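Any read-out appearing in this document is the output of simple, stated calculations on the displayed coordinates, not a laboratory observation. For clarity, every value in this text was computed on a predicted model and none was experimentally measured. Please note: Cβ atoms are built from the backbone with ideal geometry, for glycine as well, and neighbour counts cover all protein chains shown.
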Amino acid sequence: MSDIISIDEFVNDPGYPGFEDRFFNSPWIAEPVSKFRAEDVERFWFLDFHWPKGTTPLGMSFFEDGYAFATQQAATTLPLPPSNGLAVRFGGVHVFGGESPLKSAWEPGFRGMRIGNELGGILERFNETWAKREAELTAGFSHFRDYDTGSASMAEMAQFAQDARAFQKFAWVTHFGLMYPLLANYAGFYGLCNELKIAPGEIAKFLQGEKTKIIETDVALWGLTKRATELGVANHIVGTPEQMRAGLATAGPNGATWLGEYDAFINQWGWRCAGIADPLEKPWIEDQQQVVGLLETFLQKEDAHDFDGGLTAAAQERDAAVAAARAKLTQSEQGAFDQALAGCRMANFSWWNEDHNVVIDMQATIPMRRAATAIAEKAGADSADDGCFLFHTELVELAEGKTNWKALKPVVQDRKDYYEHWNSRRKAMPKVVGTVPDSVQDPILIEIVGLHDKFLAAQRGEIGSELAGIPASKGEVTGVARVMHNADELHLLNPGDILVCEGTAPSWTPAFTKIGGCVCDNGGTLTHASIVSREYGLPCVVGTGVATSAIETGDIVTVNGTDGVVHIQKKAA
């Protein structure tokens, strides 16, 4: 029997002050973005862990162009048999996702035939296609990165803001246009493995052990750590970026040498944000505190992270898992398994899900931020970040001179207050709302979002000292918990800490080289935390449903990534 979790508060909430229907003016395919409506209680919605802070008015453009339009276009073009992509609702500033359902009983079977005819050709060309799209995204981003917003006129900035949104939309249409074929292919493989009685926790292991671009940043960070020790300047890598620079200025030629290498790193790798598609997030090149903090805590570790050893171990575990699975199959079953696995490795979701992050998830919204902050400064705002509290339509109209900051300032303040109010409530937000089923059958919602039976059961039960989730990465570790609801304080993690969070994003990856283990509310075996934990050899349990509610910073916890269990051994004083 399905449970019904009320959405009345969200339905009755008016949303961001000063909202007008014309602000949501982007095209849509299956259904538009909106706040919750009364009839939405009949559908199933999940709080999306990728946006732990919620979203600003400017950030809502992504949910129109990316989360909704791009997924719906991909799902209808591919076509994806089970759904029309994703639908979006807002609970205050927080994002709830759900499937946009098919409306005809005829459609799933017809789509199944079409995807069978189309998918093979897409997958055979996948790596070549991705290489082309990656080159296009890199070239496009360079325009926005190098654009001189300081000398541009307001009219030129109006065009820049529109171009930035168009680039963001292109990036996410590319993202889901490539992601959905990979997911459809993986879903088929997942289904075959279930028929062959292969344990779900083993399936994702078959695709691990591949080097990605996201790892390159971590390797470079550890290279800076090693150089600081070699040059004898490690004691100056402390505090704020300003304090670090002041200390290095007293360290003679070696201090200057290391600082030059650090600046080269920032110029190369600093164009990335802690959050996904959030214009309020400052990229590293704008706010270097997280980088300095990561370096400081890396220097506290006795040994540097062994990236090559980690990848080798992941590849060995992969090969052993494949061999163990094949050993239990008949000859004909082995043939089907080998063919399906070869298709998944040819177009490897586990690899691509990390590799694409550099040019899409962490980068594609930076042009929008540059537009918002530059226009706000030119208009006379008290803070450049105030531009993120305008809807995109308002931002362009401000740059075009159709309105002025004096008229917008009061509503911007009201919106900032509204944003802070809902942010303060994040920990208490329901993980799911609407009509919650007893179980979810879609392997994608299970393996990526984490809507498995244990997660749903956790929403109904009492919270105890033992949490059950998905065994994402094997091993057992005991350590001090550090509960984090966003990436702002990742640099405060101590070596060996147990990271406890709703879920991780690509920019959290460097922290995985110093933590002892990871526990997440959400996620399945194909989410970021699971993939990175396997590659880095960390015990990890995901999809617990209630970890951030049950565990507090300072608690002593044991993470058993082999069995998918987390024990709270001792509560913090």
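Counting only residues at least eight positions apart within a chain, or on another chain, the aspartates and glutamates with an alpha carbon under 12 Å from that of Lys406 are Asp382. Over segment 147-215, the Kirkwood radius and the radius of gyration, each from Cα atoms, give a ratio Rg/Rh of 1.31.
Among the DSSP helices (H) of the chain, those spanning at least 18 angstrom by Cα along their long axis with an average Kyte-Doolittle hydropathy of -0.5 or more are 107-124, 154-195, 213-230, 307-327, 331-346, 366-379; this is a geometric and hydropathy rule only. Label reach from Val219 (point 7 Å along Cα→C-beta): in segment 245-282, amide nitrogens under 15 Å belong to 269. Where both bridge residues fall in the chain, DSSP classifies roughly 75% of the beta bridges as antiparallel. Protection proxy ranking for 126-135, 215-224, using the average of other Cβ atoms within 10 Å per residue and placing the highest first: 215-224, 126-135.
Annotation: aspartates and glutamates with alpha-carbon distance below 16 angstrom to Lys282 (same-chain offsets under eight excluded): Asp361, Glu377, Asp385, Asp386, Asp488, Glu489. For segment 377-476, the dipole from Cβ point charges (+1 on Lys and Arg, -1 on Asp and Glu) about the Cα centre works out to 180 debye, to the nearest 20. The length gained on full extension between Thr553 and Asp453, counted as 0.36 nm times the residue separation minus their Cα-Cα distance, comes to 33.3 nm. Simple rule: put +1 on each Lys or Arg Cβ and -1 on each Asp or Glu Cβ in the chain, find the dipole, and look at Gly18, Tyr186, Ala161; the Cα lying farthest toward the positive end is Tyr186.
Extending 7 Å from the Cα toward the beta-carbon at both Asn494 and Gln243 defines two label points whose distance is 1.7 nm.
If the segment from Asp308 to Leu329 were pulled out straight at 0.36 nm per residue, it would be longer than the present Cα-Cα gap by 4.3 nm. Mean sequence separation of contacting Cα pairs (under 8 Å, at least six apart), scaled by the length of the chain, corresponds to a relative contact order of 19 percent. Taking packing as the residue-averaged number of other Cβ atoms within 10 angstrom, the listed peptides 514-526, 339-351, 167-179 run from highest to lowest as 514-526, 167-179, 339-351. Inverting the pair-averaged 1/r between distinct Cα atoms of segment 385-492 gives 18.7 Å as its Kirkwood hydrodynamic radius. Taking 0.36 nm per residue of separation and subtracting the current Cα-Cα distance, fully stretching the chain between Gln339 and Arg22 would add 109.1 nm.
In terms of overall dimensions, segment 1-152 has a Cα radius of gyration and Dmax of 18.8, 62 angstrom.
Sorted on the mean count of surrounding Cβ atoms within 10 Å across their residues, most packed first, peptides 550-562, 77-89 read 77-89, 550-562.
Taken along the Cα-to-beta-carbon direction at a fixed 7 Å, the label points for Glu31 and Glu397 span 2.8 nm. As a ratio to 2.2 N^0.38 Å, the alpha-carbon radius of gyration computed for segment 223-352 takes the value 1.58.
In this structure the amide hydrogen of Trp45, modeled in the peptide plane, comes within under 5 Å of the amide hydrogens of Val433, Thr435, none closer than 5 places in sequence on its chain.
For Lys402, the lysines whose Cα comes closer than 21 Å to its Cα, not counting residues fewer than 8 places off in the same chain, are Lys378.
Restricting the calculation to Cα atoms, the chain yields a radius of gyration followed by a Dmax of 23.6, 75 Å. Distance between the pseudo-spin-label points of Ala256 and Glu202 (7 Å out from Cα toward the beta carbon): 6.1 nm.
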